Amino acid sequence: MEHIISVMVENKFGVLSRVAGLFSGRGFNIDSLSVGPTIDPTVSMMTLVTRGDDRIVEQIIKQLNKLIDVIKVIDLSEGAFVARETVLIKISAKGEDRAEALRITDIFRARVVDSTPATYTIEVTGDTNKIEAIINLLKPLGIKDLVRTGRIAIAREEIKTAVQDKPQDKKRFGT
Amino acid sequence: MKLNGAQIFVESLKKEGVKVIFGLPGGVVLKIFDVLYDYKDPEVILTRHEQGAMHMAEGYAKATGKAGVVLVTSGPGMTNTVTGLADASMDSVPLVVFTGQVSTSLIGNDAFQEADNVGISRPCTKYNYLVKDVNDLAQTIKEAFYIATTGRPGPVLVDIPKDVSMNQTEFNYPEKVYIRGYNPTYEGHKWQIKQAAEAILKAKRPILYVGGGTVFSNAFEELREFAEMTQIPVDMTLMALGSFPGTHPLSLGMLGMHGSYTSNMAIHHSDLIIAVGSRFDDRVTGKVSEFAPHAKIIHIDIDPTSIQKIMNVDIPIVGDVKCVLKELNQHLRASLDGRRKEELKPWWNQLEEWKKKNPLTYKQNKDQKIKPPYLIDRLYELTHDQNPIVSTDVGQHQMWAAQFFKLDHPRTWLTSGGLGTMGFGFPAALGAQRAFPGRLVLSIVGDGSFQMNLQEMATAMDYHLPVKVAIVNNGYHGMVRQWQDLFYNSRYSSSFLGQHPDYVKLADAYGAVGLRATKPEEVDGVIKEALKIDKPVLIDFQVDPYENCYPMIPAGGANNEMIMEDPPELRKKEKDKAGMKKAGNGEKEGVLTA
Ligand SMILES: Cc1ncc(C[n+]2csc(CCOP(=O)(O)OP(=O)(O)O)c2C)c(N)n1
Ligand SMILES: [Mg+2]
């Protein structure tokens with residue numbers, strides 16, 4: 001099953017390679033990984049999308065927790081969450097295709113963020129379904145380039161586990 | 001007053017109570033070595049190879065429980081430490097390893113003797129640091145020792161660029177550390193401990209499966225009280241030997257691939273496994289899907305990732321073994337009564353039956369070559385009253401030592417378990433000898449393994465470390481040869497070593513003492529002679545090259561499917577090869593029950 005995991009980490013050099021190294025060294029899957037700053041300048045937030053059976057995901061979460069630079073790990077898939085991804089798609093758009101491209105952009109509430117005589121660059125934000133759908137519709141027009149941010153996600157309700165609670169994570173007791 | 005980085009380094013180590021540094025100098029750490037030149041304490045032990053320094057520090061750490069400290073130069077100095085780092089990671093050995101680095105301005109430029117020390121060591125350390133500013137040095141050293149020695153111990157590497165060792169700043173050693181992402185759990189979950197106590201009181205065929213974590217948490221007394229109170233038999237992993245007395249009536253000895261018949265049968269047939277500081281390594285479980293099919297599992301470990309990694313666990317308890325056992329003992333003391341011993345009687349009857357059926361044993365005929373288990377048995381008999389520290393290398397001799405050298409005291413067993421590092425034994429013994437100058441330190445090594453770090457003979461001489469090295473010289477990579485016998489039709493591809501060097505001459509060349517025994521009746525004599533010599537002694541025990549180590553669970557087999565002796569085909573072949581006579585009179589049989 002797919003899991004989206006939020007990992008709050010120290011904002012220090014080398015942390016990304018510790019997390020990436022954990023996944024490669026232990027043969028865990030990693031579908032996407034995005035990192036960014038938070039309102040606290042000493043802390044960064046990573047959103048990881050991974051797959052595996054329960055035992056593997058439990059290991060992933062425990063191994064992440066074990067990293068000294070990891071402050072908190074939340075498996076968002078355990079509750080309700082909102083996930084979004086942004087994509088920039090550059091398509092070739094000439095003649096009649098230009099109108100078709102704009103129609104599709106409109107339907108998906110996407111935006112044209114750049115335009116040249118031969119191309120449009122479209123920005124779309126949404127969940128995976130929406131993104132896949134617009135990509136499929138734009139394909140016939142000719143996609144020249146495509147860049148995705150990877151998913152970021154946030155829990156819908158306030159997560160009760162406080163930062164200091166890392167060792168109290170219920171996964172650690174397996175209960 | 002302002003100090004330079006090198007002075008801060010040494011003063012910080014003094015604050016940490018470091019007495020010895022194992023190391024070898026080079027360009028970028030010369031400033032640090034220069035400062036150390038003025039100090040007697042900490043003392044620098046100059047090794048002949050950085051790998052030697054690493055294993056010495058490991059031996060020191062395992063024997064004392066304190067962090068072992070290593071100081072080496074950049075580039076090749078650091079890369080030579082990698083095996084030791086990986087070994088210490090696997091076996092949870094607290095080390096703080098300081099590596100030199102090129103100056104900060106040169107990092108990333110492929111400078112002379114530059115290596116990405118932090119990148120190379122990341123997967124084989126518990127944590128690592130690159131100190132970019134002298135103002136961070138003291139704090140980093142404090143954190144390094146804290147991380148290495150707390151929680152599940154492990155190696156921490158601190159990379160110090162040359163300019164950082166020269167730059168000056170005010171020295172303030174921090175009193176405390178707080179690392180928000182690092183809070184090991186020591187106290188076990190109360191409810192889980194209660195559940196465990198209840199399960200223990202109900203079990204009909206319980207077994208303790210004790211691992212190295214028991215040693216690191218110094219839980220010897222708690223474990224002993226627990227076992228004696230509950231009358232539960234004790235299986236030990238290779239790493240745990242000594243954490244429970246090997247001669248105790250409740251001990252079944254080592255379990256796993258070369259464990260005793262009884263210990264493996266016991267865990268296979270148990271209805272409750274109490275795993276204490278152990279991690280269900282594949283050398284213990286064999287085929288996981290057939291491991292202990294009837295058992296419920298209680299798993300106590302300080303490392304949450306060890307729990308539920310291999311086996312489904314019924315009652316997981318994250319915590320320090322000592323703390324958890326203490327609390328568990330309290331519960332049990334209140335609820336146990338005399339009936340428990342009665343209730344476990346059928347289980348113990350079964351265990352005694354297994355012990356009788358297949359005791360750990362060997363046969364030594366006086367016309368035969370020295371049988372390695374006989375040798376280990378004699379070493380044990382002639383030294384155990386001195387409570388020696390015993391180190392081993394990796395291979396058959398290691399397994400025989402684990403089977404036949406019964407250790408009754410914790411921190412007397414130095415062996416490379418998780419990584420299985422040949423070349424570990426001799427330097428580890430030197431490290432332990434440095435920690436305990438007056439004690440008898442025995443190093444039981446293989447001829448193959450010993451040759452991987454024999455350059456440390458010079459270190460042994462320099463620092464007067466009178467380790468007694470017993471070379472179990474079978475002229476082979478014996479364990480490899482054994483697998484080739486059993487699984488590759490005795491095709492000895494690259495496992496033959498032959499008889500070089502001449503170990504007696506080698507000892508002589510270093511100024512140490514070399515002794516040799518080629519016949520069983522010579523064994524006692526050379527051991528006794530070696531014990532009288534206050535110098536490093538190398539004893540070349542020329543043993544039967546074709547002896548194989550049993551019991552053995554073939555890789556991927558289940559624990560109740562042990563091979564107990566050479567298959568008949570092989571027995572014949574080997575007898576022919578060894579040109580041995582038929583067992584005649586004067587046969588001496590040693591039977592050790594475990
Ligand atoms: C550094 C290293 N290289 C290779 C191996 C694989 N290996 C395991 S046991 C063994 C043979 C060890 O020979 P020896 O030290 O003579 O011990 P014996 O088995 O003969 O007692 C080898 C090559 C290893 N464990 N470590
Ligand atoms: Mg050998």
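The values are calculated or read from the model by the stated rules, or taken from the named source; none is laboratory data. Quick caveat: nothing in here was measured; it's all calculated off a predicted structure. For neighbour counting, all protein chains shown are included, and Cβ atoms are generated from backbone atoms with ideal geometry for every residue, glycine included. Ligands, DNA and RNA are stripped out before the accessible areas are found, and what is left, the full protein with its side chains, is counted by its heavy atoms. Shrake-Rupley method; radii C 1.70, N 1.55, O 1.52, S 1.80 Å.
Projecting label points 7 angstrom from Cα along Cα→Cβ for B:MET1 and B:ASN489 puts them 7.5 nm apart. Here is the P(r) of segment B:221-269: all C-alpha pair distances, binned every 5 Å from 0, give 5, 24, 32, 25, 12, 2 in whole percents.
Relative to the current alpha-carbon distance between B:ASP282 and B:LYS176, full extension at 0.36 nm per residue lengthens the span by 34.3 nm. Every helix of 4 or more DSSP H residues in the protein assembly as shown counts as -39500 (n - 2.57), and over all residues that averages to -10500 deg cm²/dmol at 222 nm.
Would you please give the FRET efficiency between B:ASP271 and A:ASP54, computed as 1/(1 + (r/R0)^6) with r the Cβ-Cβ distance and R0 = 25 Å, to the nearest 0.05? Don't jump to the answer; show the numbers that get you there.
Working: r = 25 Å, r/R0 = 1.02.
Using R0 = 25 Å, I get an efficiency of 0.50.
Once all protein chains are placed together, A:LYS94 keeps about 130 Å² accessible to a 1.4 angstrom probe. In the context of the full set of protein chains, chain A has a per residue accessible area of 54 Å² (1.4 Å probe).
Ordered from highest to lowest accessible area with the whole protein assembly present and a 1.4 Å probe, A:ASP53, A:ASP97, B:ASP235 read as A:ASP53, A:ASP97, B:ASP235. Take the convex hull of the alpha carbons in segment B:324-380; its mean projected area over all directions comes to 7.2 nm².
Interface area, chains A and B: about 2300 Å² of buried accessible surface, summed, with a 1.4 Å probe and ligands, DNA and RNA left out. Expressed as a whole percent, the accessible area of segment A:9-63 that falls on carbon and sulfur atoms is 57 (1.4 Å probe). For the set B:LYS322/B:LYS355; B:LYS40/B:LYS132; B:LYS287/B:LYS371; B:LYS2/B:LYS162; B:LYS15/B:LYS40; B:LYS142/B:LYS309, the pairs lying more than 20 angstrom apart at their alpha carbons are B:LYS322/B:LYS355; B:LYS40/B:LYS132; B:LYS287/B:LYS371; B:LYS142/B:LYS309.
Extending 7 Å from the Cα toward the beta-carbon at both A:ILE39 and B:GLU381 defines two label points whose distance is 7.7 nm. Computed over the Cα atoms of segment B:255-389, pair by distinct pair, the Kirkwood hydrodynamic radius stands at 18.0 angstrom.
With viscosity set to 1.567 mPa s and temperature to 4 °C, compute the Stokes-Einstein D of segment A:88-144, Rh being the Kirkwood radius across alpha carbon pairs; µm²/s, no decimals. Let's see the in-between values first.
Values: Rh = 11.0 Å.
After rounding, the answer is 118 µm²/s.
With only Cα atoms counted, segment B:1-92 has Rg and Dmax values of 13.1, 42 Å. Accessible surface calculations at 1.4 Å, restricted to protein heavy atoms, place chain B at 38 Å² per residue. The Rg/Rh ratio for segment B:399-531 is 0.97, where Rg is the radius of gyration of the alpha carbons and Rh is the Kirkwood radius.
More than 12 angstrom separation, counting every C-alpha pair in segment B:11-57; what % is that?
Details: 678 of 1081 pairs.
The share of Cα pairs beyond 12 Å in segment B:11-57 comes to 63 percent.
Dipole magnitude for segment A:1-147: computed about the Cα centre from +1 point charges on Lys and Arg Cβ and -1 point charges on Asp and Glu Cβ, it is near 260 debye. What does the C-alpha gyration tensor say about the overall shape of segment B:65-123? Classify as rounded when a/c is under 1.5, otherwise prolate if a/b is larger than b/c, or oblate. Because a/c hits 1.5 or more and a/b exceeds b/c, segment B:65-123 counts as prolate. In this Cβ point-charge picture (+1 for Lys and Arg, -1 for Asp and Glu), segment B:322-369 has a dipole of about 280 debye about its Cα centre.
Evaluate the relative contact order of chain A (contact order divided by residue number), counting alpha-carbon pairs under 8 angstrom at least 6 apart; express in whole percent. After rounding, I find 26 percent. Using the alpha carbons alone, the radius of gyration of segment B:425-480 stands to its Kirkwood radius in an Rg to Rh ratio of 1.00. Of the Cα atoms belonging to chain B, the radius of gyration and Dmax stand at 24.7, 80 Å. Directionally averaged projected area (segment B:310-411, Cα convex hull): 11.3 nm². Working note: Karplus 6.51/-1.76/1.60 with θ = phi - 60° gives segment B:375-392 the couplings 4, 4, 4, 5, 4, 4, 4, 7, 10, 5, 5, 8, 6, x, 8, 10, 10, 9 Hz, where Gly and Pro are set to x. Expressed as a fraction of 2.2 N^0.38 Å, the value expected for a compact globular protein of N residues, the C-alpha radius of gyration of segment B:29-151 is 1.02.
Quick one: of the DSSP bridges fully inside chain B, what percent are antiparallel, nearest 5?
Details: 11 of 76 bridges.
Antiparallel bridges make up about 15 percent of those DSSP assigns within chain B.
Tell me, what is the FRET efficiency for B:ALA509 and B:MET166 to the nearest 0.05, using R0 = 56 angstrom and their Cβ-Cβ distance as r? The pair B:ALA509/B:MET166 has a calculated efficiency of 0.90. In plain terms, if you count all Cα to Cα distances in segment B:99-231 and split them into 5 Å steps from zero, the share in each step is 2, 8, 13, 15, 14, 11, 9, 8, 7, 5, 5, 3, 2, 0 percent.
Please state the charge dipole magnitude for the protein assembly as shown, taken about the Cα centre, from unit charges on C-beta atoms (+1 on K and R, -1 on D and E), reported in debye and rounded to the nearest 20.
Numbers: 90 positive and 93 negative charges, 175 e Å.
The calculation lands at about 840 debye.
Computed in the context of the full set of protein chains, the accessible area of segment B:1-94 at 1.4 Å probe radius has 54% of its extent on carbon or sulfur. Computing Rg and the Kirkwood Rh from the Cα coordinates of chain A gives a ratio, Rg/Rh, of 1.07.
Could you compute the FRET efficiency for A:GLU100 and B:ASP136, with r as their C-beta to C-beta distance and R0 at 45 Å, rounded to 0.05? Mind dumping the intermediate values first?
Details: r = 59 Å, r/R0 = 1.30.
Plugging the Cβ-Cβ distance into 1/(1 + (r/R0)^6) gives 0.15.
A Cα-only calculation for the protein assembly as shown places Rg and Dmax at 29.7, 105 Å.
Its residue count N sets the reference 2.2 N^0.38 Å, and the alpha-carbon radius of gyration of segment B:181-242 equals 1.25 times that reference.
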